[in-house]
Every structure is written in C-alpha cells, then in structure tokens.
Amino acid sequence: MSFTTDLFHKNYPIYLDLHTHTISSGHGSTDKIIDLVHSARDRRLTILGISDHGPATSGSASPSYFRGLKYADRHKEGVRILYGAELNIIDEEGNVDLEDSILENLDYAFISIHPPVFTPYEHLDLTETYIKAMNHPKVSFLGHIDDARFPVNFEKLLMAAKDRGIYPEINNGSLMPNAYRVGGQKNCRILLQICKDIRLPVLLSSDSHGKKNVGNMEYIFPLLEEIDFPEELVINSNQQLWEKILF
Ligand SMILES: [Zn+2]
Ligand SMILES: [Zn+2]
C-alpha cells in the first residue's frame with residue numbers, strides 16, 4: 001500500500017496535519033512552506049499547519065518571522081494553510097519563547113520541551129510547569145509529552161488540559177523505530193487510554209521536518225486500533241471538532 005493511500009485509514013481518515021517544520025526551523029531541512037503545501041495537496045489533506053520551532057531553538061526563525069505570518073498565503077493548491085508555532089517552554093515557570101502579542105496573531109501553538117533550550121532538573125514538578133505554560137494565548141496542543149526523559153503525571157496534566165480546552169498530540173515521530181525521544185510506544189498507549197477514558201480528544205501529528213512526512217501517521221494507527229480509540233475523539237478525522245478548536 002502506498003503512503004498516499006495509508007493516509008486514508010478506513011477508521012481514522014487524516015484531513016489535517018498541524019505539526020510540520022520548514023527550513024525556518026533550522027534543522028537541516030531546506031524545504032519551504034510551498035514544498036510542504038505540495039505534499040499536503042498530493043496526500044489530499046484539507047488543512048496544513050506550519051509549526052516552526054520558536055526562536056529559542058538554535059538556528060530557528062526570529063520573532064519577526066512569526067510576526068509576519070499573518071501576511072502569508074492562507075490557501076494554495078487547494079489546501080488551507082494555518083500558521084502556528086512549536087513553542088519552547090524556556091523555564092520552570094512555564095514561560096515560552098514568543099511574546100503574547102505575537103502569539104495572538106498565530107492560529108495555534110504547541111508547547112514542547114526541547115533540551116538544551118530547557119533541561120528540566122531532577123525533582124522539578126514538570127506537570128505544574130506545563131500547566132503554567134498552558135496559560136499563554138493560542139496554546140492549543142501539548143507537544144510530545146510522551147517523552148519519558150521528562151516525566152509528568154499524565155492523569156493530572158490531561159485533566160488540566162481538558163479544563164482549559166487544550167489537547168495532547170500523539171506524535172508519529174515519537175513512535176518511529178529511530179525515534180530520539182524515549183518511551184514513545186509505552187507512553188502513547190497510556191496517553192491514549194487515559195484520553196479514551198476521560199473523553200479528551202487527541203491530535204495526531206507527523207512532526208515532519210520538511211515535506212517528506214507531511215500527513216504521515218503510520219506508526220500511530222496500530223496503537224489506535226489496539227486501544228479501539230474512538231474516531232470521534234481524533235481531531236484530524238472529525239471536522240466538527242477541528243472547526244471548534246481552530247476557527
Ligand atoms: Zn518538538
Ligand atoms: Zn516538532
């Protein structure tokens with residue numbers, strides 16, 4: 001089965017991917033927004049979200065890049081384009097690396113922990129740090145909280161997210177055989193089970209760096225099937241839900 005066909009999983013059709021990176025994330029990919037749009041078009045996504053790393057990531061774009069996104073194209077090649085950011089949590093107080101005045105102009109944001117920008121120390125209550133970070137405007141999604149290097153209390157964090165209308169992502173990159181994050185398989189199962197139990201929707205993300213993996217959720221599908229995760233709680237498959245969250 002080709003990759004393009006895989007996107008249209010019979011139970012979990014993927015209409016959007018909101019976690020993608022362009023050359024502006026500075027990770028060695030030279031692909032631009034338009035290259036990712038072409039991938040999204042070829043894979044029949046309805047919505048592509050660009051979420052480059054916040055400015056604290058070495059080599060990433062400056063605040064003025066994010067400020068200027070409000071002037072960028074919103075539709076191209078039949079794909080609706082949204083502009084967000086993958087913010088870095090920069091300290092234990094949950095501060096992030098874009099000012100609220102810039103965040104207000106974005107469509108959405110992830111909050112993520114990426115050492116060495118911020119390396120949590122032992123015994124820090126990271127759950128509280130995430131909860132503080134959730135107070136910034138436009139934070140809609142928790143980025144790869146499955147990473148076992150930075151443990152959180154999943155039940156507490158997900159209940160706090162639910163109270164605030166914020167959703168966890170299930171990150172395909174965390175589940176890849178060569179993933180550099182740790183514990184993805186085990187922790188994504190736990191996350192999905194809790195979300196099923198408390199009826200909290202999840203966002204499936206490719207975390208594609210460049211055009212190659214835009215819309216690719218191939219390692220997430222087996223977990224959804226194993227847990228019999230309800231389709232109506234998958235934001236990517238449920239138009240009513242994504243419209244409520246994003247627009
Ligand atoms: Zn990340
Ligand atoms: Zn990312």
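Readers should treat all values here as calculations from the given coordinates under stated rules, not as data from a laboratory. Here the structure is a predicted model, which is why all the values come from computation and not from measurement. Every residue, glycine among them, receives a Cβ derived from its backbone with ideal geometry; neighbour counts consider all protein chains shown.
Under a GNM of the chain (C-alpha, springs under 10 Å), which listed residue has the highest mean-square fluctuation: P151, P222, P13? Greatest mean-square fluctuation among the candidates belongs to P222. Computed extension gain for R41 through E155, at 0.36 nm per residue and net of the alpha carbon distance, reaches 37.3 nm. If R0 is taken as 41 Å, the Cβ-Cβ distance between T30 and D228 corresponds to a FRET efficiency of 0.50.
Within the listed set E128, E226, E169, the residue fluctuating most in the Gaussian network model of the chain (springs between alpha-carbon atoms under 10 angstrom) is E226.
Centre-to-centre, using Cα atoms only, the stretch 173-247 and the stretch 82-161 are separated by 18 Å.
With +1 on each Lys and Arg Cβ and -1 on each Asp and Glu Cβ, how big is the dipole of the chain about its Cα centre, in debye rounded to the nearest 20?
For the chain, the charge dipole is close to 620 debye.
Pulled fully out, how much extra length does the chain show between Y65 and D197, if you take 0.36 nm times their separation in residues and subtract their Cα-Cα distance?
Details: separation 132, 0.36 × 132 = 47.52 nm, distance 3.97 nm.
Extra length available between Y65 and D197 comes to 43.6 nm.
If R0 is 25 Å, the Cβ-Cβ spacing of K10 and K162 corresponds to a FRET efficiency of close to 0.30.
Pick from N178, N213, N153: which residue has the top mean-square fluctuation in a GNM of the chain where Cα pairs under 10 Å get a spring? Maximum among the listed residues: N178. For the stretch 199-247, applying the loop criterion from DSSP together with a ceiling of 15 other beta carbons within 10 Å to the trypsin sites (Lys or Arg not before Pro) yields R199, K212. Our analysis of the chain gives Rg over Rh at 0.93, with the two radii drawn from alpha carbon positions and Rh computed by the Kirkwood formula.
Find out how many positive minus negative residues lie around S174, taking Lys and Arg as positive, Asp and Glu as negative, among other residues whose Cβ is under 14 Å from that of S174.
Numbers: positive: R149, R181, K186, R189; negative: E86, D146, D147, E169, D207, E218.
It works out to a net charge of -2.
Helix-derived [θ] at 222 nm for the chain: sum -39500 (n - 2.57) over DSSP H runs of at least 4, divide by residue count, nearest 500?
Details: 10 runs with 77 residues, N = 247.
Calculated mean residue ellipticity at 222 nm is -8000 deg cm²/dmol.
Cβ-to-Cβ counts within 10 Å put R181, R44 in ascending order as R44, R181, the fewest first. My understanding is that a pair violates if its Cα-Cα distance is over 28 Å; which of K138/K196; K132/K211; K132/K186; K186/K244; K132/K212; K32/K186 do that in this structure? As for pairs spanning more than 28 Å Cα to Cα, those are K132/K211; K186/K244; K132/K212; K32/K186.
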